[in-house]
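To start, the structure itself, in structure tokens.
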Amino acid sequence: MSGPLAGIRIVELAGIGPAPFACMMLADHGAEVIRIERPSAKKGGPGGDPTKDILLRSRKVIAVDLKSADGIRVVRDLVASADGFVEGFRPGVAERLGLGPDVLLGTTPRLVYGRMTGWGQDGPYAQAAGHDINYIALAGALHAFGRAGEKPTPPINMVGDFGGGGMMLAFGMVSALLHARTTGQGQVIDCAMTDGAALLMSMIWSFHGQGLWCDERGANLLDTGAHFYDTYACADGEYVAIGAIEPQFYAVLRNKAGLAADPAFDRQMDPRSWPALKEKMAAMFATKTRDEWCTILEHGDACFAPVLSMRDAPKHPHNVARGTFVEAGGVVQPAPAPRYSRTPTTTPRMAGENSDMEDVLAGIGYATDSIAALKAGGIVA
């Protein structure tokens, strides 16, 4: 692998969702990530076919029996060769396996130990089950998502699992790896999706603190309250997205869309005018197809874009020109991001069906006969 993290080794205990996403990002950017599966999950796991699971891309995979002392020893040996370790269990599970931070940092003091949970390692909710929708609810984020007069609408699982969880853990891992490279000192990262989801709301908290954001849905600048920041249906049933906040961009939108002569649109920042102006804009956008609006509003400063489906987004000329989407293993998927001028990333590779076990263990000094004995005993696969 190439990329800015080339030379970094991460050991990942298999899980689902945010921790694998964090490790996908680390692997995308050049780290060698060794994913430890349980033998029963090796052929599929929670994500189904591993050769089609984008979150598992660009890894080495080894199956290890974590219920056996020999299996735990294998994991400890792998971690001793690594820079980082990632687990996504409930608090205390890794300790019960004999893979807690006290044990692993005791033998590898430079280790960065990443822990991914929903609620965090402590607090009244720490041992409770939950999912993205629960974490962003407690963080004060879910309350803000939705239209006026409607119930909160979860933005699928982008905010808790992936923005506040996996991406935050990837950032934390890189930050702590830099510290470890400088000082030789490892540490534990307590990454909680509730904390991360709250942090993602920082700008909204800033607006709220200045009296620029009311604590109700669909009544604010960025939550579909404003007529110039919303989606609109077109004549063909497709949608367009408008985000003309700044006065100069709002003026371009008005000019190109034929709204410049209507004085009602002069009251851009008056929330009392927003409902009526939204009705006017909805009626206007319904007169033309999405493609017709693209012809009028694309490639300018109207802050316009067509709302594309997962089917259409990879085909859009802008995404094609930038290579925003790639195909690997027959699976269309987002390309690694961001991009680097000196250490470019490589095209992802999907998880293979063949075991990486022998290469992984040989790479940390296991002899051929030792590997064969572990394999024969069902300890590794």
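The values are calculated or read from the model by the stated rules, or taken from the named source; none is laboratory data. What you see is a predicted model; the values in this text were computed from it and never measured. Here the Cβ positions follow ideal geometry from the backbone for every residue, glycine too, while neighbour counts run over all protein chains shown. To get the accessible areas, we keep the full protein, side chains included, count just its heavy atoms, and leave off ligands, DNA and RNA. Shrake-Rupley method; radii C 1.70, N 1.55, O 1.52, S 1.80 Å.
Each of Gln121, Trp205, Pro247 was scored by the projection of its Cα onto the charge dipole of the chain, and the greatest displacement toward the positive side belongs to Gln121; charges sit on the C-beta of Lys, Arg, Asp and Glu. A simple rule links phi to the HN-Hα coupling: the Karplus curve 6.51 cos²θ - 1.76 cosθ + 1.60 with θ = phi - 60°, which for the stretch 218-235 gives x, 10, 10, 4, 10, 10, 6, x, 8, 5, 9, 9, 6, 10, 9, 7, 9, 4 Hz, with x for Gly and Pro.
For the pair Ala80/Ile296, report the inter-label distance in nm, with labels modelled 7 Å from Cα in the Cβ direction. Each label point lies 7 Å from its Cα, and together they span 7.0 nm.
If you put +1 on each Lys and Arg Cβ and -1 on each Asp and Glu Cβ, how big is the dipole of the stretch 1-140 around its Cα centre, in Debye rounded to 20? The partial results should precede the final answer.
Working: 16 positive and 15 negative charges, 57 e Å.
Value, rounded to 20: 280 debye.
Here the extension length gained between Ala260 and Ala128 equals 42.0 nm, from 0.36 nm per residue of separation less the Cα-Cα distance.
Using a cut-off of 14 Å between beta-carbons, work out the net charge of the residues near Ile204 (Lys and Arg +1, Asp and Glu -1, Ile204 not included). Could you put the intermediate results ahead of the total?
Working: positive: Arg217; negative: Asp215, Glu216, Asp223.
Summing Lys and Arg as +1 and Asp and Glu as -1 gives -2.
For the stretch 150-295, pairs of C-alpha atoms spaced more than 23 angstrom apart make up 54 percent of the total.
Couplings for the stretch 250-267, taken from phi via the Karplus curve 6.51 cos²θ - 1.76 cosθ + 1.60 with θ = phi - 60°, read 4, 5, 4, 4, 4, 5, 6, 8, x, 10, 4, 7, 8, x, 4, 7, 5, 8 Hz in order; Gly and Pro are left as x. Amide H contacts for Ile189 (H built 1.01 Å from N in the peptide plane; partners 5 or more residues away or on another chain; cut-off under 5 Å): Tyr113, Gly114, Arg115.
Placing +1 on each Lys and Arg Cβ and -1 on each Asp and Glu Cβ, with no other charges, gives the chain a dipole about its Cα centre of roughly 360 debye.
Here the stretch 207-340 exposes an accessible surface that is 57 percent carbon and sulfur, computed with a 1.4 Å probe and the other protein chains kept in place.
Return the calculated 222 nm mean residue ellipticity for the chain, to the nearest 500 deg cm²/dmol, obtained by summing -39500 (n - 2.57) across DSSP H runs with n ≥ 4 and dividing by the residue count.
Values: 14 runs with 127 residues, N = 381.
So the helix-based figure for the chain works out to -9500 deg cm²/dmol.
Please give the contour-minus-distance gain from Thr153 to Ala6: 0.36 nm per residue of separation, less the Cα-Cα distance, rounded to one decimal in nm.
On the way: separation 147, 0.36 × 147 = 52.92 nm, distance 3.97 nm.
So the extension gain works out to 48.9 nm.
Tell me, what is the Rg over Rh of the stretch 320-381, with Rh the Kirkwood radius over Cα pairs?
Working: Rg = 17.9 Å, Rh = 14.8 Å.
On the Cα set of the stretch 320-381, Rg over Rh gives 1.21.
Annotation for the stretch 174-229 versus the stretch 115-151: alpha-carbon center distance of 14 Å.
In Å², and per residue, what accessible area does the chain have when probed at 1.4 Å with the other protein chains present? Provide the component values of the computation, followed by the final result.
Working: 18740 Å² over 381 residues.
Using a 1.4 Å probe on heavy atoms only, each residue of the chain averages 49 Å².
Amide H to amide H, with H built 1.01 Å from N, Asp230 comes under 5 Å of Ile242, counting only residues 5 or more places away or on other chains. Equivalent ellipsoid semi-axes for the stretch 261-302, as square roots of 5 times the alpha carbon gyration tensor eigenvalues: give them largest first, rounded to whole Å. Rounded to whole Å, the semi-axes are 22, 13, 8.
Given 0.36 nm per residue, what is the gain on full extension from Arg38 to Phe325 after removing their alpha carbon distance, in nm? The partial results should precede the final answer.
Values: separation 287, 0.36 × 287 = 103.32 nm, distance 3.11 nm.
Stretched fully, the Arg38-Phe325 segment lengthens by 100.2 nm.
Note on the stretch 17-108: Cα Rg divided by 2.2 N^0.38 Å, N the number of residues, gives 1.07. The alpha carbons of the stretch 237-341 give a radius of gyration and a Dmax of 17.1, 55 Å, in that order.
Under 5 Å between amide hydrogens, built in the peptide plane, is the criterion, and for Val33 it picks out Ile10, Lys60 among residues at least 5 positions away or on other chains. Quick note on the chain: its Rg to Rh ratio, both from C-alpha atoms and Rh being the Kirkwood radius, is 1.05. Pairwise Cα distances in the stretch 117-236 exceed 18 Å in 60 percent of cases. The alpha carbons of the stretch 58-178 occupy a box of 58, 29, 26 Å along the principal axes, longest dimension given first. In order along the stretch 300-316, the Karplus-derived 3J(HN,Hα) couplings, from 6.51 cos²θ - 1.76 cosθ + 1.60 at θ = phi - 60°, round to x, 9, 7, 6, 10, 7, x, 8, 9, 7, 5, 6, 8, 4, x, 9, 5 Hz, and Gly and Pro are given as x. Rg over Rh for the stretch 194-269 works out to 1.05, using Cα positions for both radii and the Kirkwood form for Rh.
State the percent of C-alpha pairs, over all pairs in the stretch 101-148, separated by a distance greater than 18 angstrom.
Numbers: 574 of 1128 pairs.
Above the 18 Å cut-off, the stretch 101-148 has 51 percent of its Cα pairs.
Of the residues Thr289, Ile136, Ala328, the one whose Cα sits farthest toward the positive end of the charge dipole of the chain, with +1 on the Cβ of Lys and Arg and -1 on the Cβ of Asp and Glu, is Ala328. Measuring r between the beta carbons of Glu95 and Cys214 and using R0 = 45 Å, the FRET efficiency lands at 0.50.
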